[in-house]
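Worksheet: one structure, shown below.
The values are calculated or read from the model by the stated rules, or taken from the named source; none is laboratory data. Here the structure is a predicted model, which is why all the values come from computation and not from measurement. Please note: Cβ atoms are built from the backbone with ideal geometry, for glycine as well, and neighbour counts cover all protein chains shown.
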Amino acid sequence: MKLKDGVIISQVENEYVAVFAGEAGKACSGMMRMNKVSAFIMERLQQETDEAQLVAALLERYEVSEEDARKSVLFVIDQVNKAGIMA
């Protein structure tokens with residue numbers, strides 16, 4: 001799985017936002033606010049990956065349980081699918 005081209009992730013002070021241009025902008029307008037964990041997942045989704053790789057990356061980066069990492073990954077995937085920005 002991978003995000004559509006045109007998803008731009010930025011940090012604005014203590015918040016993270018994603019804005020959509022190009023192919024992603026055709027599917028979703030506006031911006032998406034997120035926390036640092038969601039931003040981390042979204043950054044990984046800019047390359048081809050899968051659920052297991054995302055969970056492993058979270059476990060390596062943050063001190064979380066595998067269950068919590070999987071919940072976070074599934075939540076972000078769900079939000080991305082609802083926004084229509086998954087390639």
query: Just to be sure, is Lys26 surrounded by fewer than 13 Cβ atoms within 10 Å (Cβ to Cβ) and either at pLDDT below 95 or of a type in the set (A, V, I, L, M, F, W, C) (or both)?
result: no
- request: Can you confirm whether the stretch 32-43 contains a residue that is surrounded by fewer than 18 Cβ atoms within 10 Å (Cβ to Cβ), modelled with pLDDT under 90, within 14 Å of Val80 (Cβ to Cβ) and among the hydrophobic types (A, V, I, L, M, F, W, C)?
  value: no
field: Phe20 of a type in the set (Phe, Trp, Tyr), in contact with a strand residue (DSSP E or B) (Cβ under 7 Å, 6 or more places away or on another chain) and crowded, with 17+ Cβ neighbours inside 10 Å
entry: yes
